[in-house]
Structure formats: structure tokens, C-alpha cells
Amino acid sequence: MENRLTATLSIIALATCVFAGSAHAQTVPAGSGTLGGNETFKAGPGCGKETDLLNATLSLAANGAWSAHTLDADYSGTATPADSKGRKWNFAFNGPSFAGFRGVLEDWATTLCDYYEVTIDTLDVPKFTLKVNKLGNEATVKLKAKATGHTDLGNGKGTYNTKLAGAWTLTSP
């Protein structure tokens, strides 16, 4: 009888934990939008800085997978919650997309450095977020990256920043 009571209490405790966990689980703001803004890349020393317009079509699935299409490339990866409200999500590139992003930055740095070929040695993306407003009809993406690299002339650093905003259409509540 005591074993049965212990087993019953264990099942109730487990069910309570599972229910509490699912009640606090965050729903991905699955949807899509075409977002626009500026992107800025600075390479140095002595290479320069450039700001361009950027438009991206972004999709986020209910399972946290995201994809983005820009004029230069297609990217994808995963999203994880960044706040307790379920409106802000941290993005991470998948392996091939990270390599593609690195390649785009290397090409841009090469252009800024008078076409001396730039190789990026380290690339860190400390911020890559999607934030959806309370109504779920507008979104903002922020991406910041820092790089170190070299040319035949020496070593340097670079920074990349973008902020995109636009209409967001939810595909799930």
C-alpha cells in the first residue's frame, strides 16, 4: 500500500511539473514579413565604412526554424526565446549560413580595403534578434557582428550592424 501511494504521488508530481512547464512554454511568433532598413560595415584600419539599404524576406516557423532571403544570399537557422513574454527571440545561423555570411563580409571588406583580399579569422555575432510587437503585426531584426581578419598588408578589425523593421504576418496564434 505504501509503495502504491508513493508511486501515485510521484505520478501526480510529474504530471504537475509537465503541466506547469507547458503552461509557461513560449509560443514562437510564427510568421513572415518583408523587413527593410540599413546595414553598415566598417573595416579597418584605413579601409573605410559603408552603409547600404537592405531588404530581407524573413520567415519563422512554429518549430523555431527561420529563413531569410536578401538580394545577396539566403540564410537560415534556429530561434530561441530571449524574453519571458515570447515576443523577442535570439537567432543563430546554421553552419552553411554562417559560412555564407562570413563570405559576404569578406567580400565587402575586400571592396572597402581597396580590393586587397580580406580573410576573416574570427567572426562573432553577439546580437541577432527578432522582436515582434504586442499585436504581432510588426517586427524588428537587429544583427551585430564583430570580426578580425587580415590582408597581405596586415591585420584589422571589422564591425557589421543592421536594423530592419516592417510588417509581420502571423501564421499561428
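The values are calculated or read from the model by the stated rules, or taken from the named source; none is laboratory data. Just so we're clear, the structure is a prediction, and the values are computed from it rather than from any experiment. We place every Cβ from the backbone using ideal geometry, glycine too, and count neighbours over all the protein chains shown.
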If Tyr115 passes every condition in (1) at pLDDT below 95; (2) crowded, with 16+ Cβ neighbours inside 10 Å; (3) aromatic (Phe, Trp, Tyr) but one, which one does it miss?
(2)
Test for Val104: is it part of a helix (DSSP H, G or I), out of contact with any Pro (no Cβ under 6 Å at 6 or more places or on another chain) and under 22 Å from Thr57 (Cα atoms)
yes
Quickly run through segment 142-173 and pick out the residues that are polar (S, T, N, Q) and free of Cβ contacts under 8 Å to residues at least 60 places away in the same chain.
Thr148, Thr151, Asn155
Within segment 73-98, which residues are touching a Phe, Trp or Tyr at 6+ places or on another chain (Cβ under 8 Å), assigned to a strand (DSSP E or B) and under 18 Å from Thr140 (Cβ atoms)?
Tyr75, Gly77, Ala79, Thr80, Pro81, Asn90, Phe91, Ala92
Among the numbered conditions (1) touching a Pro at 6+ places or on another chain (Cβ under 8 Å); (2) among the aliphatic types (A, V, I, L, M); (3) more than 23 Å from Glu138 (Cα to Cα), tell me where Leu60 comes up short.
(3)
The correct count of residues that are closer than 29 Å to Lys157 by Cα, outside any strand (DSSP E or B) and under 15 Å from the mean Cα position of the chain (by Cα) in segment 49-72 is 1
(1) among the hydrophobic types (A, V, I, L, M, F, W, C); (2) at pLDDT 95 or above; (3) more than 15 Å from the chain's Cα centre (by Cα); (4) within 26 Å of Leu170 (Cα to Cα): which one isn't true of Trp108, the others all being true?
(4)
Yes/no for Arg102 being farther than 25 Å from Gly48 by Cβ and of a type in the set (Lys, Arg):
no
Can Gly149 be described as modelled with pLDDT of 95 or more, small (Gly, Ala, Ser) and either over 16 Å from Gly37 (Cβ atoms) or loosely packed, with under 15 Cβ neighbours inside 10 Å (or both)?
yes
Looking only at residues that are surrounded by 14 or more Cβ atoms within 10 Å (Cβ to Cβ) and of a type outside the set (Phe, Trp, Tyr) in segment 81-91, which one is farthest from Glu50 (Cα to Cα)?
Gly86
May I ask you to list the residues in segment 154-173 that are closer than 17 Å to Lys42 by Cβ, more than 14 Å from the chain's Cα centre (by Cα) and either surrounded by fewer than 17 Cβ atoms within 10 Å (Cβ to Cβ) or at pLDDT below 95 (or both)?
Gly154, Asn155, Lys157, Thr159
Which condition number in (1) exposed (fewer than 15 other Cβ atoms within 10 Å of the Cβ); (2) among the basic types (Lys, Arg); (3) in contact (Cβ under 8 Å) with a residue 24 or more places away in the chain is the one that Lys127 fails?
(3)
